1. Which residues, taken from the stretch 113-138, are open to solvent by less than 10 Å² (accessible area, probe 1.4 Å), in contact with a Lys or Arg (Cβ under 9 Å, 6 or more places away or on another chain) and either assigned to a strand (DSSP E or B) or of a type in the set (Val, Ile, Thr) (or both)?
2. If you go through the stretch 165-180, how many residues are in contact (Cβ under 8 Å) with a residue 24 or more places away in the chain and surrounded by fewer than 20 Cβ atoms within 10 Å (Cβ to Cβ)?
3. List the number of the failed condition for Ala72; all other conditions in (1) open to solvent by less than 10 Å² (accessible area, probe 1.4 Å); (2) modelled with pLDDT of 95 or more hold.
4. Across the stretch 85-107, what is the number of residues that are in contact (Cβ under 8 Å) with a residue 60 or more places away in the chain and either under 23 Å from Val139 (Cα atoms) or among the aromatic types (Phe, Trp, Tyr) (or both)?
5. Which of the residues spanning the stretch 149-163 are part of a strand (DSSP E or B), surrounded by 23 or more Cβ atoms within 10 Å (Cβ to Cβ) and not β-branched (Val, Ile, Thr)?
6. So which residues in the stretch 209-240 are touching a helix residue (DSSP H, G or I) at 6+ places or on another chain (Cβ under 6 Å) and exposed (fewer than 14 other Cβ atoms within 10 Å of the Cβ), if there are any at all?
7. Might you check whether a residue that is surrounded by fewer than 17 Cβ atoms within 10 Å (Cβ to Cβ), in contact with a Gly (Cβ under 9 Å, 6 or more places away or on another chain) and over 24 Å from Ile58 (Cα atoms) occurs anywhere in the stretch 200-208?
8. Scanning for something free of Cβ contacts under 8 Å to residues at least 24 places away in the same chain, under 22 Å from Leu240 (Cα atoms) and not acidic (Asp, Glu), does the stretch 48-58 turn up at least one residue?
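The values are calculated or read from the model by the stated rules, or taken from the named source; none is laboratory data. Keep in mind it's a predicted model, so treat the numbers as computed, not measured. Cβ: placed from backbone, ideal geometry, glycine included. Neighbour counts: every protein chain shown. All accessible areas refer to the heavy atoms of the entire protein, side chains included, with ligands and DNA or RNA removed. Shrake-Rupley method; radii C 1.70, N 1.55, O 1.52, S 1.80 Å.
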Amino acid sequence: MSKTDELDKSWKPGIYKNYSSLFKTEVNKDSYSQFIPYANYIAKNYLPKDQGVFILDIGCGLGGFTWAIALAGYENIEGVDISEESIRSAHAFGIDKVKQGDIFTYLESAHDESIDIVLCLDVLEHFTKEEGIRLLVEVKRVLKADGRIIIHVPNAEGIFGSKIRYADFTHETAFTPKSISQLLQFVGFGTVHCFEDKPIVHGLVSGVRRLLWSLVTWLFRFIHAVETGSFNVKLSQNILVVAFKEIPRQ
């Protein structure tokens, strides 16, 4: 086998092995603190009130969300990621709730209906369509009947959606609310909700950004309505998706 053939087969694992370095990610206290506002937003709005639920953070990377969700009170959480470097960095920071390993291997070894919540934040876009289906089928299997998956992915209908789609060489795709709902319902999830990823208010500056977002995006919503007759469009770079294994009881 030539060196070119070897590289063709090993490029993605090679990037993941040293993911933080190749992505020029700074790993320090400040970088971890940046996870807190969004983690608090997820905890407040999309996690159950019962803080004893078991949460699995797949593709946890540096463990930022694993750490921040635990900081919000949900300590029964575990993360898994393929990147040796990222997990070493997490352990060096004192995050012991994460482990290095293949996501599929972890899920396939888990028992049916053994997990309450699966976090899939900035992960699904790294897989091919076939791999994405396989992943979601396994997630659905391991979720409890009242369980849910929380997904964060690049938004193909966003104003700057292409920036996220092509910001990482390992990204395979982007989604729209319709396509991610189509995929989740295809693999059997009961209810799917998609949300625009508006700036999270956690201080004066972010509050101003949120206000400006609401004001300036009306032009794009108006243009969309002129073409389609509908103002219903998600304009953020990413979308947040919450899908329940079964239709929640009223």
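1. Selection gives Ile115, Ile117, Val118.
2. Step one: list which residues in the stretch 165-180 are in contact (Cβ under 8 Å) with a residue 24 or more places away in the chain, which gives 165, 168-177, 180.
The next check asks that each one be surrounded by fewer than 20 Cβ atoms within 10 Å (Cβ to Cβ); those that pass are 168-173, 176.
The total comes to 7.
3. Of everything listed in (1) open to solvent by less than 10 Å² (accessible area, probe 1.4 Å); (2) modelled with pLDDT of 95 or more, Ala72 misses just condition (1).
4. Number of matching residues: 2.
5. Matches in the stretch 149-163: Pro154, Asn155.
6. Residue satisfying the conditions is Phe231 alone.
7. Yes, the conditions are met somewhere in the stretch 200-208.
8. Looking through the stretch 48-58, at least one residue is free of Cβ contacts under 8 Å to residues at least 24 places away in the same chain, under 22 Å from Leu240 (Cα atoms) and not acidic (Asp, Glu).
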